[in-house]
Amino acid sequence: MPKHIGIVACSAEGAALCYRTICVEGEQLMGKHAHPEVSMHTFSLDDYMQPIYLGDWQAVGELMLASANKLAKTGADFLICPDNTIHQALPYVIPRSPLPWLHIAEVLAAEASKRGFHRIGLTGTRYLVESQVYPADYVRPTAEERAEINRIIFEELVYGVFKPEAVTYFQGVITRMREQGCDAVALSCTEIPLLMNDANSPLPTLDSTRLLARAALGRAISG
């Protein structure tokens, strides 16, 4: 019997992509119409953004923990969070969590190692790239780039708005990272893979959203 996946969600577009990936790719692994049991809980994005604006990661952690407890009561066996930014709160969550977690940055790093990448560019919200969720040796955008990527994420991508101008901007950032010696780029906001992919990126992409979903599938099926 596959394990029951619990999704602690934050923003809608990224969580939807993660959930859909589990369902679609689950069928490929388990047979027609099949996928592991999945439950998802989320507070509103505004509930998360208010403490994020204040840098209050403990308050963010309390929201995540509340979702975790609700998912445990539904019968989930383990948890994932398809939101890179709020992984900053996991140190407050894990010691009190009723269930184990898969960590999105660890999943992405394992894939980078598997594919032989050595110097990774990091894209994501300003809060994420200025944090320690990902290793310090990942190449960060400049301050100006961080601000514009953050604007694109929160004013466009979380609303399902995908503009050609945003693609062009990301391509410029990733090209600069390639010139700095990067051999891959981490798409580490869960909405970025809806905009960027291997077909339009100057570097091979590491899609944090789908990688997390696939890791959850693997754990659920293997037990």
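The values are calculated or read from the model by the stated rules, or taken from the named source; none is laboratory data. Please read these numbers as outputs of a predicted model, since none were measured by experiment. For neighbour counting, all protein chains shown are included, and Cβ atoms are generated from backbone atoms with ideal geometry for every residue, glycine included. Calculation scope for accessible area: heavy atoms of the full protein, side chains included, ligands and nucleic acids excluded. Shrake-Rupley method; radii C 1.70, N 1.55, O 1.52, S 1.80 Å.
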Item to check | Lone unmet requirement of (1) open to solvent by 60 Å² or more (accessible area, probe 1.4 Å); (2) of a type in the set (S, T, N, Q); (3) in contact with a Phe, Trp or Tyr (Cβ under 6 Å, 6 or more places away or on another chain) for GLN88 | outcome: (1)
Next on the checklist: Of the residues THR42, THR74, THR125, THR142, only one is closer than 13 Å to ALA9 by Cα and at pLDDT 95 or above; which?
Outcome noted: THR42
Checklist entry - Is it fair to say PRO82 is within 19 Å of the chain's Cα centre (by Cα) and either of a type outside the set (Gly, Ala, Ser) or surrounded by fewer than 19 Cβ atoms within 10 Å (Cβ to Cβ) (or both)? => result yes
Checklist entry - Of all residues in the range 22-41 being more than 21 Å from PRO100 (Cα to Cα) and touching an Asp or Glu at 6+ places or on another chain (Cβ under 9 Å), which is surrounded by the fewest Cβ atoms within 10 Å (Cβ to Cβ)? => result HIS33
Item to check | Test set (1) within 16 Å of SER131 (Cα to Cα); (2) open to solvent by 60 Å² or more (accessible area, probe 1.4 Å); (3) in contact (Cβ under 8 Å) with a residue 60 or more places away in the chain - THR74 fails condition number | outcome: (1)
Item to check | Any chance ALA109 is touching a Gly at 6+ places or on another chain (Cβ under 6 Å) and under 24 Å from THR21 (Cα atoms) | outcome: no
Next on the checklist: Just to verify a result, which residue in the range 124-146, among those that are among the hydrophobic types (A, V, I, L, M, F, W, C) and open to solvent by 60 Å² or more (accessible area, probe 1.4 Å), is nearest to PRO202 (Cα to Cα)?
Outcome noted: ALA143
Item to check | Test for ARG214: is it charged (D, E, K, R), in contact with a Pro (Cβ under 8 Å, 6 or more places away or on another chain) and within 30 Å of PRO100 (Cβ to Cβ) | outcome: no
Checklist entry - From the residues in the range 20-39 that are assigned to a helix (DSSP H, G or I) and in contact with a helix residue (DSSP H, G or I) (Cβ under 8 Å, 6 or more places away or on another chain), which one is farthest from SER222 (Cα to Cα)? => result THR21
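Here's the yes/no breakdown for (1) at pLDDT below 95; (2) closer than 18 Å to TYR127 by Cβ; (3) touching a Leu at 6+ places or on another chain (Cβ under 7 Å):
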residue: PRO164; (1), (2), (3): no, no, no
residue: THR175; (1), (2), (3): no, no, no
residue: GLN180; (1), (2), (3): no, no, no
residue: LEU187; (1), (2), (3): no, yes, yes
residue: LEU211; (1), (2), (3): no, no, yes
residue: ALA216; (1), (2), (3): no, no, yes
residue: SER222; (1), (2), (3): yes, no, no
Next on the checklist: Yes or no: the range 165-182 includes at least one residue that is closer than 30 Å to LYS73 by Cβ, surrounded by fewer than 22 Cβ atoms within 10 Å (Cβ to Cβ) and in contact with a helix residue (DSSP H, G or I) (Cβ under 7 Å, 6 or more places away or on another chain).
Outcome noted: no
